[in-house]
1. Could you count how many residues in the stretch 150-189 are hydrophobic (A, V, I, L, M, F, W, C) and within 13 Å of S71 (Cα to Cα)?
2. Being more than 15 Å from the chain's Cα centre (by Cα), hydrophobic (A, V, I, L, M, F, W, C) and within 30 Å of N267 (Cβ to Cβ) is the filter here; which residues of the stretch 51-99 pass it?
3. Given T38, T27, T33, which one is within 14 Å of L217 (Cα to Cα), hydroxyl-bearing (S, T, Y) and not in a helix (DSSP H, G or I)?
4. Please work out which residue is modelled with the lowest pLDDT, limiting yourself to the stretch 274-286 and to residues that are surrounded by 14 or more Cβ atoms within 10 Å (Cβ to Cβ) and over 20 Å from the mean Cα position of the chain (by Cα).
5. Among the residues of the stretch 137-166, write down those that are modelled with pLDDT of 75 or more, surrounded by fewer than 23 Cβ atoms within 10 Å (Cβ to Cβ) and among the β-branched types (V, I, T).
6. Looking at the stretch 45-85 only, could you name the residues that are among the hydroxyl-bearing types (S, T, Y) and either without any contact (Cβ under 8 Å) to a residue 40 or more places away in the chain or in a helix (DSSP H, G or I) (or both)?
7. Hey, any hits in the stretch 93-102 for a residue that's surrounded by fewer than 24 Cβ atoms within 10 Å (Cβ to Cβ), basic (K, R) and either within 20 Å of A155 (Cβ to Cβ) or in contact with a strand residue (DSSP E or B) (Cβ under 7 Å, 6 or more places away or on another chain) (or both)?
8. I'd like to verify a number: residues in the stretch 100-123 that are within 13 Å of the chain's Cα centre (by Cα) and under 23 Å from S271 (Cα atoms), how many?
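The values are calculated or read from the model by the stated rules, or taken from the named source; none is laboratory data. Being a predicted model, the structure only gives us computed values, none of them experimental. So basically every Cβ, Gly included, is an ideal-geometry build from the backbone, and we count neighbours across all protein chains shown.
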Amino acid sequence: MWILYAFASSIFAGLTAILSKIGIKNTDSNLATAIRTTVVLAFSCLMVFIVGSQNQITNISTKTMSFLILSGLATGGSWLCYFRALQLGNVNKVTPIDKSSTILTMILASIFLGEKITAIKAICIVLIGIGTYMMIEKKDIQENKNEKNSWLFYAILSAVFASLTSILGKVGIEGIESNLGTSIRTIVVLAMAWMIVFATKKQSQIRSIDKKSWIYLILSGFATGGSWLCYYKALQEGPASIVVPIDKLSILVTIGFSYIILKEKLNKKSSIGLILIVIGTLLLLV
């Protein structure tokens, strides 16, 4: 059953990137993240009351709460970097780098969770790594050297934080209902996001957000909420080294919609890179 949750998570995550890209077009990325997180929290809290797990909060151990908070902080860092990267660069470039967190996640899962890196997993790591590199053109790397605040820098940071999120989240949701765990993590992300908004004095810009941006930001929040709820349910029941790669198949959804909606096309080299990433990910299910 956890495999179905993992695939559902990937579909919602793919929609999140497109909806967010449109929503942050004319909005500060940190403010947009804070608004989206507010929607996610409302959505996740609703699910907590639907399943009736709110009473379990008093039984959460110190260890579980600590890892949930750390996971929330890592998630906040990943989100802030990811949506800043989306604002600066093309979805087709940002998404593959963010999804490369699969590699670091498998390595960290081996070190901290005891999930062995088999020969198949090693091959998958190589395929995903090569595929990601092929989707980044040399000129993109050169641009990163010349621009102080480039999308590539934020995309790489997003991937690092995302991998930490998975490992910390895996430990944090042990012995706790997954929806409740998601809500607690979201509270941490929400507090972190709004603190940054007020620290950078961007809160006044909320009045200037147009109707279209509001709609897409809210929709992206619901998509994120759906992705999170499915993702952490899958993570609770299945191995992190398999759940995370399946979730990263959202790259297919993202790139598909980016072609249809944003008219962003892949060249031949990038297409081959995408194929390698997908093959590497699917092999993990063997």
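1. 12
2. Across the stretch 51-99, the qualifying residue is only L88.
3. Numbers: T38 fails: not in a helix (DSSP H, G or I); T33 fails: not in a helix (DSSP H, G or I).
Being within 14 Å of L217 (Cα to Cα), hydroxyl-bearing (S, T, Y) and not in a helix (DSSP H, G or I) holds for just one of T38, T27, T33, which is T27.
4. The selected residue is L283.
5. Once the filter is applied, which keeps residues that are modelled with pLDDT of 75 or more, surrounded by fewer than 23 Cβ atoms within 10 Å (Cβ to Cβ) and among the β-branched types (V, I, T), the stretch 137-166 yields I156, V160.
6. Of all residues in the stretch 45-85, those among the hydroxyl-bearing types (S, T, Y) come to 53, 58, 61-62, 64, 66, 71, 75, 78, 82.
Answer for the stretch 45-85, where residues must be among the hydroxyl-bearing types (S, T, Y) and either without any contact (Cβ under 8 Å) to a residue 40 or more places away in the chain or in a helix (DSSP H, G or I) (or both): T58, T62, T64, S66, S71, T75, S78, Y82.
7. Checking the stretch 93-102: at least one residue is surrounded by fewer than 24 Cβ atoms within 10 Å (Cβ to Cβ), basic (K, R) and either within 20 Å of A155 (Cβ to Cβ) or in contact with a strand residue (DSSP E or B) (Cβ under 7 Å, 6 or more places away or on another chain) (or both).
8. Keep residues of the stretch 100-123 that are within 13 Å of the chain's Cα centre (by Cα), which gives 100-102, 105.
Among the residues that remain, those that are also under 23 Å from S271 (Cα atoms) are: 100-102.
Summing the residues that are within 13 Å of the chain's Cα centre (by Cα) and under 23 Å from S271 (Cα atoms) in the stretch 100-123 gives 3.
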